[in-house]
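Accompanying notes for the structure given below.
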Amino acid sequence: MGEELLGLFRDTMRNAPEGLSLAFAYFTAPVDDEIPAELRGRPVAAIAGMFDGPAAEADELLAGIRAASPVLDAFETTTYAAFNSSLDDPPGYRNWWTAEHLADLTPEAVRTIHARAADLPGEPAQLFIVAWGGAMSRVGDEHSPLRARRPGFVVHPLLLWSDPADDERNIAHGRAYRDDLRSLATGDAYLNFLGDEGGGPPRGAVRRGEPPPPDGDQGRLGSRERVLGQPEHPPRDTRRRGMTRDLRVLAGIVGVSAAADLLVFVALTLHVHGEGSGPWALAALVATTMVPQVLFAPVGGVLADRCEATRVLAFATAAQAAVALALATTPGLGAILALSALLAAGNALAQPAEFALVGPAARGRGLTRANGLVETSRYVGFAVGPLIAGVVALGGSLAPPMLIAAAGLAAIAGGGPILLRVRRPPQPATGGTQDRAREGVRHLATDPVLRPVVGAAVAALLVVSVAITAEVVYLVDTVGAQPAVYGVVLACWTLGMAAGALGLAGRIPARHQPWAALVALAIQGVGMAGQTVWAVVPAAVAGYLIGGVGHGVKNTLVRAVIQRRVPDTVHGRAFAAYNAARNAAELTATTLAGVLVAAVGARGALAIAGAVPIVAATAGLVALRRAHDRDAPSAARVAGSGDAVVAAEA
């Protein structure tokens with residue numbers, strides 16, 4: 001379990017805000033009343049640290065760690081002085097320290113560290129791993145004699161023992177980490193973490209051209225850093241502002257892309273219908289917008305994880321812009337269907353990259369609110385695209401709408417990588433099953449939380465999309481409303497989605513989000529089915545508004561839960577798998593819509609479309625509760641004062 005926990009610590013801290021400062025440790029659990037009796041005196045792995053900020057935000061940032069079912073959760077609100085004193089080294093022991101800087105905790109580094117830690121001596125000795133960065137990384141090496149400012153991780157064996165006869169064994173163990181990790185190390189050093197290293201590491205700790213510390217300081221066991229100068233006026237903290245800017249840029253990209261998608265689809269639909277091609281041609285057009293997104297999703301997921309995400313996004317949207325330009329020439333039906341399929345394939349490549357960029361853009365702060373902003377921007381695009389199409393496609397020519405869509409997509413391809421400063425580098429390939437496209441499916445299917453949440457959401461979509469066909473028939477034929485009312489009802493759905501995604505989802509604590517996502521799914525069903533109880537326009541408006549709120553909350557929370565539960569290295573493939581399942585379910589529902597409306601009528605079809613999400617959500621809640629109960633004995637959390645989450649036996 002320690003190896004998995006170390007990977008979780010790495011994924012949490014890669015994009016964490018500066019206020020979150022966590023460390024990972026292997027050590028022998030002390031004999032203490034707060035430590036469960038079965039762990040006392042045994043090797044354990046732990047995540048310790050602090051968050052400087054609101055307690056509610058801390059809960060959200062720690063949700064992924066707490067989802068690992070720690071044996072002891074001792075995080076609580078406290079003062080900095082109390083926290084800092086809890087980290088004091090115990091007095092009276094012999095000490096030897098060293099450290100090795102790594103640019104990242106790659107899978108190879110994680111395996112190497114975990115294997116070496118299995119031989120960690122007892123007593124208070126520990127292997128301490130800290131995430132490097134924060135304020136010190138905002139200035140370069142030229143600003144002071146102190147180097148080692150690059151973000152990354154520091155592996156810090158901290159050997160403490162009482163018997164002089166054990167000197168050689170403990171020092172050899174500490175040095176072994178440096179031997180094991182030398183090929184992965186950056187060569188940086190930090191004086192506060194070093195002992196008797198000789199001339200190498202301390203010289204690597206100061207800027208070239210500055211004199212090294214006096215020889216007398218290099219030989220002290222557990223030597224302390226001397227005071228070194230800092231720039232008189234260090235740069236202001238721009239990270240929080242950069243986070244907000246990156247999120248806004250990413251949300252804008254998603255909104256423009258969604259508007260272009262709907263603009264193209266509506267314009268093509270009007271054109272094909274106007275040419276008198278018949279219902280089968282329209283059905284084929286709908287299929288071309290969905291089938292490629294299912295078929296090419298695995299490719300998109302792998303590209304998002306194995307390539308730099310902004311480049312994948314730029315490449316996919318540039319290709320879509322070229323396809324839109326080709327459609328502007330008003331080709332025949334066969335070419336339209338082929339080009340529409342290529343546009344959908346571009347979405348299959350772009351959307352996993354968009355999803356994978358949300359976490360880095362948020363930098364670990366407000367992940368749910370970040371997803372809410374992105375989802376709301378998508379909904380706005382869904383509303384704006386058809387409006388533009390209705391205006392510019394009236395003449396029957398495809399040129400105006402396609403040129404507008406091409407311009408928007410080209411703007412994303414050309415300007416997105418420039419305006420979007422955040423980068424998600426290629427995730428490390430490990431070989432074997434973790435590099436396969438189906439790794440995303442495996443995480444969704446085997447995770448005890450994701451399985452019921454994602455399963456219920458996808459199962460509901462098998463019927464929910466029937467409403468797209470049934471609603472217009474219900475309003476016009478059953479309720480007797482004017483056709484314009486249909487547009488009002490759809491607008492209420494969009495308004496509800498925006499309110500749920502941007503207003504409500506971000507208020508739900510991370511630990512409650514899997515449950516809340518399923519409750520929101522049930523609320524969506526209540527809104528859809530409830531409108532059929534009274535066949536009047538106000539009931540339809542209220543039902544779609546309530547259902548839209550549930551849909552917006554559910555979509556945002558499911559995305560956030562996937563991001564927290566799935567390792568960062570698999571985010572692209574996990575979302576690609578989720579998106580493929582959603583599109584396959586919606587395609588099934590669209591295919592069945594006509595049959596269901598013909599069999600039970602529009603009112604009955606809407607009632608079924610609302611009832612299924614309620615049933616799916618209920619089944620998901622039961623499964624989630626069972627998974628929680630199964631984990632409860634091994635997750636017996638103990639609330640107490642302290643700073644560490646002792647999460648597993650090493």
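Condition check ((1) open to solvent by less than 30 Å² (accessible area, probe 1.4 Å); (2) modelled with pLDDT under 90) across all residues:
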position: Ala260; (1), (2): yes, no
position: Leu268; (1), (2): yes, yes
position: Pro279; (1), (2): no, yes
position: Val291; (1), (2): no, no
position: Ala297; (1), (2): yes, no
position: Ala316; (1), (2): yes, no
position: Val323; (1), (2): yes, no
position: Thr329; (1), (2): no, yes
position: Gly332; (1), (2): no, yes
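Within the range 344-363, can one find any residue that is within 30 Å of Gly548 (Cα to Cα) and open to solvent by 40 Å² or more (accessible area, probe 1.4 Å)? Outline the logic, then answer.
So the first thing to find is which residues in the range 344-363 are within 30 Å of Gly548 (Cα to Cα), and the list is 344-363.
From what is left, the residues that are open to solvent by 40 Å² or more (accessible area, probe 1.4 Å) are 363.
For the range 344-363, residues within 30 Å of Gly548 (Cα to Cα) and open to solvent by 40 Å² or more (accessible area, probe 1.4 Å): present.
Any chance you could count how many residues in the range 532-563 are basic (Lys, Arg) and within 13 Å of the chain's Cα centre (by Cα)? It would help to see each step written out before you state the result.
So in the range 532-563, the residues basic (Lys, Arg) come out as 554, 559.
The next check asks that each one be within 13 Å of the chain's Cα centre (by Cα); those that pass are 559.
So the answer is 1.
Please verify whether Arg582 is at pLDDT 90 or above, more than 16 Å from the chain's Cα centre (by Cα) and of a type in the set (Lys, Arg), treating the condition exactly as stated. Taking the combined requirement at face value, the residue satisfies it. Look at (1) at pLDDT below 80; (2) surrounded by 21 or more Cβ atoms within 10 Å (Cβ to Cβ); (3) aromatic (Phe, Trp, Tyr) and you find that Tyr80 fails only one, number (2).
Residues that are assigned to a loop (DSSP other than H, G, I, E, B) and modelled with pLDDT of 80 or more do not occur anywhere in the range 131-153.
Quick one: how many residues across the range 19-50 are over 18 Å from the mean Cα position of the chain (by Cα), under 17 Å from Ile129 (Cα atoms) and of a type outside the set (Gly, Ala, Ser)? Residues meeting the conditions: 9.
Listed here are the helices (runs of 4 or more DSSP H) enclosed by the range 1-100 that have at least 3 residues being free of Cβ contacts under 8 Å to residues at least 40 places away in the same chain: 80-85. Within this structure, Ile412 fails the test of being under 30 Å from Gly276 (Cα atoms) and either at pLDDT 80 or above or open to solvent by 50 Å² or more (accessible area, probe 1.4 Å) (or both).
Among the residues examined, Thr591 does not qualify as modelled with pLDDT of 85 or more and surrounded by fewer than 20 Cβ atoms within 10 Å (Cβ to Cβ).
Of the residues in the range 534-567, how many are in contact with a Gly (Cβ under 7 Å, 6 or more places away or on another chain), open to solvent by 30 Å² or more (accessible area, probe 1.4 Å) and free of Cβ contacts under 8 Å to residues at least 60 places away in the same chain? So the answer is 3.
Report yes if Asn84 is in contact with a Leu (Cβ under 8 Å, 6 or more places away or on another chain) and farther than 22 Å from Gln513 by Cα, otherwise no. Against the criterion (in contact with a Leu (Cβ under 8 Å, 6 or more places away or on another chain) and farther than 22 Å from Gln513 by Cα), Asn84 does not qualify. Any chance you could count how many residues in the range 534-570 are among the small types (Gly, Ala, Ser) and either under 24 Å from Glu60 (Cβ atoms) or not in a helix (DSSP H, G or I) (or both)? Residues that pass the stated criteria total 4. Before we move on, is Arg573 modelled with pLDDT of 90 or more, farther than 30 Å from Arg40 by Cα, assigned to a helix (DSSP H, G or I) and open to solvent by less than 30 Å² (accessible area, probe 1.4 Å)? Judged against the criteria, Arg573 is a match.
The values are calculated or read from the model by the stated rules, or taken from the named source; none is laboratory data. Worth saying up front: this structure is predicted, and the values here are computed from it rather than measured. Virtual Cβ from ideal backbone geometry, glycine too; neighbours counted across all protein chains shown. These accessible areas exclude ligands, DNA and RNA; they are computed on the full protein's heavy atoms, side chains included. Shrake-Rupley method; radii C 1.70, N 1.55, O 1.52, S 1.80 Å.
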